[in-house]
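One structure below.
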Amino acid sequence: MDNKNLILGIETSCDETSIAVISEGLDIVYEKTFSQIEIHKLYGGVVPEIASRDHLAKMQILIEDLKQNVDIKRLKAIAVTSHPGLIGSLLVGIMAAKGLAYGLKIPVISVNHLEGHFVSPFVTQEIKFPFLMLLVSGGHSQIIIAKSLGDYHLLGTTIDDATGECFDKIARMLNLPYPGGPQIEKLALQVKNFNNFHFKPCLIDNETINFSFSGLKTQVLYKTEELKKAQNGLLTDEQKAEIAFAAQKAIANTLVSKLKIAIKSSEFCKSEIKNLIICGGVAANQFIKNEIQQLCSKNNLQLHTPSLKYATDNATMIARLGVEKMKSQKFEFNVDDIAAIQPIATNKIFNKN
Ligand code: KG4
Ligand code: ZN
């Protein structure tokens, strides 16, 4: 471990209770995450009240463990996800950050969860601005031009279901457990006949960079209902794999089509961008990464993706952003101003033009 300042990151926006410590020299000193997947699986999705209560129980365990493993007097700031997310879950992380910061007399850095995902490929590397970014998570699908830290231009966004949400809902139609994305990816690998089903990607003939996945969801629903009706309410394993493959392909085609439009946009052309980032939970999907890699190769773009561990929610990316904000002294909140952190609108991080 280097002797540089340490930054603690705290993430509790949804169903992961996670804390991590990174040095300003980018050494990862500590990281631990409790996932609530096994709890929410029983309900087919995240139950907010249960999530908050579990965060509360796990946060105490994590802080005790942190104290056993890291000299917390070396902490120079605490970066905490303050928005967007489930309000009860966010509050557990924010209150833990405030309490620790008050005791240690160090500042709290308010972190936008999406901005945390943006830096996730750079947990152990310098961040290379400017870049084009595809954020695909359980709550968002966005294409963004990032000129520098905090200077973001939104090119396109979700108009109905987010990409991860679409994976999760299609998985439910196939009776697969929550979260559906990894399940669909695994099942699609088992397909024998790639051409039995085709689903049309949505809104791709349109010049908009915005995303729509609700039509794809409906196509899959109609197809599964039609097959089930003819087969005593049951799908065969091969049919499930074929549907998973075709749906994943339609999602990948949608993302690639929207990126193609973004690459032709005047904002992109004047930005001299050489790097593309995919981030958010769906960035764990190898099929999608392969399709986007082909687009990058044709357009001389270098693709950056987070390692699997940092694709889904984690505190290490929050601490990594904390390191950058510490360097630029962008605290947004100070320990003397104890009421200041409040969840704020997601679109506040984007430029209006
Ligand atoms: O970023 P994340 O952990 O949480 C949010 O901020 O929303 O993303 C979770 C989403 C879920 O919808 C999950 O199904 C999806 O990411 N996901 C995947 C994969 N792994 C996670 N989707 C497709 N393929 C995967 N391998
Ligand atoms: Zn996330």
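If you go through the range 227-248 and keep only what is within 15 Å of GLY180 (Cβ to Cβ) and either in contact with a strand residue (DSSP E or B) (Cβ under 7 Å, 6 or more places away or on another chain) or β-branched (Val, Ile, Thr) (or both), you end up with just ILE243. Scoring SER266 on the criteria (1) in contact (Cβ under 8 Å) with a residue 12 or more places away in the chain; (2) more than 8 Å from ligand 1 (Cβ to nearest atom) leaves a single failure, condition (1).
Scanning the range 111-141 for residues that are assigned to a strand (DSSP E or B) and within 12 Å of ligand 2 (Cβ to nearest atom), which turns out nearest to ALA171 (Cα to Cα)? For the range 111-141, the residue satisfying everything is VAL136. Note on the range 302-340: residues that are at pLDDT below 55 and surrounded by 22 or more Cβ atoms within 10 Å (Cβ to Cβ) total 1. With respect to the conditions (1) away from ligand 1 (no atom under 15 Å from the Cβ); (2) under 16 Å from the mean Cα position of the chain (by Cα), LEU155 lacks only one, and its number is (2). Residues that are exposed (fewer than 14 other Cβ atoms within 10 Å of the Cβ) number at least 2 in the following helices (runs of 4 or more DSSP H) confined to the range 146-237: 214-230.
Yes or no, residue by residue, for (1) over 22 Å from the mean Cα position of the chain (by Cα); (2) part of a strand (DSSP E or B); (3) not small (Gly, Ala, Ser):
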residue	(1), (2), (3)
ILE39	no, no, yes
LEU42	yes, no, yes
VAL46	no, no, yes
GLY88	no, no, no
GLY93	no, no, no
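The listed residues are ALA284, ALA250, ALA188, ALA171, and the only one of them that is closer than 28 Å to ILE39 by Cβ, touching a Leu at 6+ places or on another chain (Cβ under 7 Å), within 16 Å of ligand 1 (Cβ to nearest atom) and among the small types (Gly, Ala, Ser) turns out to be ALA284. Across the range 193-237, the number of residues qualifying as at positive phi and without any contact (Cβ under 8 Å) to a residue 12 or more places away in the chain comes to 2. Taking the stated definitions as given, is LYS298 modelled with pLDDT of 95 or more and away from ligand 2 (no atom under 16 Å from the Cβ)? Against the criterion (modelled with pLDDT of 95 or more and away from ligand 2 (no atom under 16 Å from the Cβ)), LYS298 qualifies.
The values are calculated or read from the model by the stated rules, or taken from the named source; none is laboratory data. This is a predicted model, so every value here is computed, not measured. As a convention, Cβ positions derive from the backbone with ideal geometry for all residues, glycine included, and neighbour counts pool all protein chains shown.
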